[in-house]
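Have a look at the structure below, then the notes.
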Amino acid sequence: MKTIKVSVVTPDGPVYESDVEMVIAKAQSGELGILPGHISMVAPLQIGAVRLKKEGKTELVAVSGGLLEVRPDQVTILAQAAELATEIDVDRALRAKERAEQRLHTQKQDHVDFRRAELALQRAINRLSVTERKL
Ligand code: ATP
C-alpha cells in the first residue's frame, strides 16, 4: 500500500514521524482525509485529534490547533502542543479541565479570559478523548 510521510512538530521538537497510509485531521473548515499524492495545501487546524492509519491500526495524536501543510509525499503538522495518546497525563488533563470549568463559571464578564478558559477546556477534553479513544 502507498504511504505518505508525516511529521508532527512542536516548539519542543518532533512528536511523531512515520510513513502512514492516511492522515485524518480536523481543519477549521472541517475534517480532512489525506492520502498519498494529495494536492499541496495549507490549512489551519482545530484543537482535535489527528488520526494516523498504518497497517490496519490507527494512532491518535492530540494537537492544540496549529497548521497542516500537505505536499504530495509529505504531511507536516506544526502545533504549539501535541501529544501521543501514551504521553498524555490523564490526571493533569482532568485538573486542567476542572480549572477551566471553574474559570468559565466565575469570569463571564471578562471576554479575553473567557476565551482562554474555553480553549484550555477544549485542550483538556481533547486530551482526555484521545486517551479514551472516544472520537
Ligand atoms: P496545563 O494547564 O495542564 O498546562 P494546557 O492545556 O494549558 O494544560 P499547553 O499549554 O497546551 O497546556 O501545553 C504545555 C505543554 O504541556 C506542552 O508541551 C504539552 O504537550 C504539555 N501538556 C499539557 N497537558 C498535558 C497532559 N495532560 N499530558 C501531557 N502533556 C501535557
Antiparallel DSSP beta bridges within the chain, percent to nearest 5: 90
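Excluding ligands, DNA and RNA, what is the solvent-accessible area per residue of the chain at a probe of 1.4 Å, expressed in Å²?
In whole numbers, the chain has 60 Å² accessible per residue.
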Spacing of the two label points (7 Å from each Cα toward its C-beta) at R92 and R133, in nm: 2.3
Space enclosed by the convex hull of the alpha-carbon atoms of the chain, per residue, Å³: 107
For the chain: relative contact order, % (alpha-carbon pairs under 8 angstrom, 6 or more apart): 22
Of all accessible heavy-atom area on the chain, the percent that carbon and sulfur account for (1.4 Å): 50
The stretch 10-53: projected area of the alpha-carbon convex hull, averaged over directions, in nm²: 3.6
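The values are calculated or read from the model by the stated rules, or taken from the named source; none is laboratory data. What you are looking at is a predicted structure, and each value in this text was computed from that prediction instead of being measured. All Cβ positions, even for glycine, are placed from backbone atoms using ideal geometry, and neighbour counts span all protein chains on display. For accessibility, only protein heavy atoms count, side chains too; no ligands or nucleic acids. Shrake-Rupley method; radii C 1.70, N 1.55, O 1.52, S 1.80 Å.
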